[in-house]
Structure formats: structure tokens, C-alpha cells
Amino acid sequence: MEQKVHYRPPVSRSRMIVTGRQLAIFVLIVISVLLGLALPFLPKMAQYLVIALVPAVAGFVLILRNPYLGVYFFFLYSVLRPYDFLPFLRPLRLTMLIEILTLVSWVVSLVVSRSRIKWSWFHTVFLAFVAVIGATVVSAVNNYYAYQITQAMAIYLLMFIIATNVVTSLERVTKIVWLLLVIHLYFAVKGILTFVTGQHYIATTGQYTSGMVGGGFIGDENDFAMAINMMIPFVFFGLFYLKGKTRLLSGVLLLIFILAVISSFSRGGWVGLAAVLVYGILNVRRKLAVIVLTAFLAAAAALFAPSQYWSEVGTVTDTSESTANARLRYWDAGLRMFLDYPVIGVGAANGGIHMPYYVYGERNPHTQWGRAFHGVWIQVLAELGVLGMIFYLLMIAIAFRWLFRIKKGKVPDSGDATRQYLANAMIGSLIGYFACASFLSTAYYPHLWTIYILIVAFVMCVQKKSESGGNQSAPARVAA
């Protein structure tokens, strides 16, 4: 007897009562309700952790799905440093978690897509520079200091490699630029408000300043001014290359950033501000617009800055002034350190340990233990020797060479001036950094390595777009 088989057609996804996505949303709602009900009964610190848990988990899921978002969150968290004003975030070690998740996400994407790692001459030089720093762990007097710097620089190198592989379009580069601009807007406004309200007073000089607007690498007025100066070229050139609301926003940010630098009362900050503005003025074709803009900014600065500020910046060339005289002595000490340790220097972050034995003009040299060099060039030379300086200068040369080649290229027929805008802005940002860093010990600060990430990612995007479009004015191939 023949058995009848009843055929049941498969149920389509559109006819399913509950989909997987709906179930996930329902579970999240239930968890949120339970956490909300339990929140009032938890200790205060636990409440903060619960509140941060949901956005953190959502962010981690997004990172695992897209490594570019990991790079974006890395910039957001490492530059903004929210744990400085939300201390309960500090024990979570979110920076480390973001780095690990971004690495995992990137490796998985490479395996799935079977893509090759993009590499350039800059990657090779950067790797060599970090290798020199690592070598000083063995030779340095204080191995732990050198190890800490090696670890930090290795993380920068890792994020540099990942970012230059996942930031694959000019749109992505631009998004990160605007993220950095918004973050620095927060710092700039905070510094201006501190200065205007007189919350930070330096008794020794009788000055009100912006004070410490953040922790880490922008905790000092000079470091704060340098960070803001690096952002100014992006909004200065935005006035001439961008359109619509972004052009207006660039003008507002430019004014705020300039006032922020003034509020710092940093003479090195003034040098950096003058350098980036001069570069900007000389590299804009619309001279009448530049003249009007310069007059407006000069008037705003004159109205905002007190007479003490102009007296302070007027002493920038006075080498007999106490601070300038001390800087010259530290530079001399650094040079003599280099002569004694010429190959790989005294070791990363070890210059201050050797300072008592090399600085002159002090009754008690031991008071100079831990002093900074007050100059990035002397710092690299003394702590990393000739090898470190060679790779440091090579990175600078490569970055400027690539950017100038793009800057000189013709604007595409579509009228998109993004290439020229970013090239000019990045050149100006480097100028602002080195103008300020010449008076600061910033060899291992994240500022330079952040702009290098943007530069190399930008150059690789231009190369990719030019090769696919057959643009003959594109820069030469950068891949090693």
C-alpha cells in the first residue's frame, strides 16, 4: 500500500511569527528593564558600571563587525580620555579592550576577505624606529621606563598598521578628522572658560591661563596649545575648500581655536600659531579673502588677549630670560649625552635620569633629576642616538614628500578639492607640531603618531583612487 507523503512548504521569513532579530531586541529590553529595576539598590560605583555596560557592549559588537569602527572608537577614547572626568571608567581598561577587539576584528576581516596587508615605506621606517626604542630596554639605566615607552609605541604602531588598512576612503579619513576637531573643540572651550573666569592663576608670574584642560598629554598649557595648533590648519583651509555649513563651522572653530591658544599664555604655542597661520596665508590663492580674514582674526585676538599676553610673547626671543636660559642648558646637556651615547642614546625616557650628570650651572645638580629636555630634537638625539634620529627624520621626510606631491596635483574635473584640502591641512598640522615641539619633550606623545596615521591612510586612499581612475597626476606608488 502506497504511503502518502504530505509536503509542507518551508515557512518564509516574512511569515515567521518571531524573527531572530526581534528575539534579540526583546532579550535586550528584558535585560535593560531588570538592570533598571536593580539600579537603585546597587552601590554608587556599581550603578556607574551598569550604566556604562550597555553602550560598551554595543560598541564592542560594532567593532567586531567593522574594524574601522574600532579605529574610530580608539581615537575617540584615547584622545578625549573620558576617564579623566568620569573616574569610574578608569578601572574598566576600555582602551585596551578597544585595541584588542579592533585587532581581532581586523584579523578576521583579513582571513574572510583573503586580503593582503597594505604596507608602505613609512610602515618599514616606523617599525625600525620602534625597534630602536625597544633596543634601549636592554641598554638603558632604567629598563622599566624604556619598557613602558616601548609598549606604548608598539601599540601606536599596531593601531597605525590597522588604521592604514581599514581607513580605505577619503570619506573615512574626513570623518576621523572631524571627530578630532570636535574633541579639540571641547578642550578649547574648556580652556577659554577657565581663562575668562579666572579659575587658574599662576602666582609666580601673576597670570591667568587656560590651566590643565585635560589629563595625560594635554595636562600642561604648552601641550594644550600644541594640540590645538595641530587642528587649526584643518579649519583654516576648510574656509577655502569646504562648502555650505562645514565652511561656516570651520570659521567658528578657527576663531575658537585661536582664542584657546591665546588663553594658554604659551610662548611656544604662539610660535606654533604664527607658523600655521603663515603657512595657511601663503598657500591660499584668494588673497583678498585672506587679508579680510587676517584682519578679523587679529582684531579678535587683540580684544581677547590682555596686555600681559603680548608682553609674554614678546620675550620669546630673549635667551637671557630664565626659562629660555634653562632650556639652552638642557639642550647642551642633551647634546653631550648624545656624544657619550651616540648609537642608540641613553635610552627611551632615560634622559631625565642622566640630567644631573650633564647639566651645568646648578649649585645642586641632583635637583635636576627627571628634568625634561624642552625640545623634541634634542630628546630624540639624546635618548635614541643617531639611529633613532635617522628613522625619526626619515618619517618626517616621507610624510612631507607625499603630501607635497598630492598638494601639487590637479583638482579632478568633478571639482572635488578634498585632496588639496587634506594635503594642505596635514602639512600645516605637521608644521604646527614641530614649531611647538621644538620647545617641548614630545617624542613619545600621541599627537605626531595620530597625524601620521591620517597622513599615510590619506596617501594610500589617493593612490588607490588614482590607480582605479587612471589619474596621471597622482603621487608615485607608495607601497613597499
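Remarks
- Of the trypsin sites (Lys or Arg not before Pro) found in region 88-189, the ones in coil according to DSSP and having at most 10 other Cβ atoms within 10 Å of their Cβ are Arg114, Arg116.
- Highest to lowest packing among 327-338, 220-231, scored as the average C-beta count within 10 Å: 220-231, 327-338
- Measuring between alpha carbons in the structure, the pairs from Lys245/Lys287; Lys287/Lys408; Lys190/Lys287; Lys118/Lys243 lying more than 28 angstrom apart are Lys190/Lys287; Lys118/Lys243.
- According to the Cα-based calculation, Rg over Rh for region 121-469 is 0.98, with Rh computed by the Kirkwood formula.
- Net +/- balance of residues flanking Gly219 in space, Cβ distance below 14 Å, scoring K and R +1, D and E -1: -2
- Each part gets one Cα centre, and for region 52-126 versus region 334-369 those centres are 37 Å apart.
- Cβ crowding within 10 Å averaged over residues, with 233-240, 447-454 ranked highest first: 233-240, 447-454
- Positive minus negative residues near Thr102 (Lys, Arg vs Asp, Glu; Cβ under 15 Å): +2
- Highest-first packing order for the peptide set 395-403, 350-358 is 350-358, 395-403, based on the mean count of other beta carbon atoms within 10 Å.
- Calculated from backbone phi, Karplus (6.51, -1.76, 1.60) coupling profile of region 109-118 in Hz, x at Gly/Pro: 5, 5, 5, 5, 7, 6, 8, 8, 6, 6
Only the coordinates and a few stated rules stand behind these numbers; no lab work does. Here the structure is a predicted model, which is why all the values come from computation and not from measurement. Ideal geometry is used to build each Cβ from the backbone, glycine not excepted, and the neighbour counts take in all protein chains shown.
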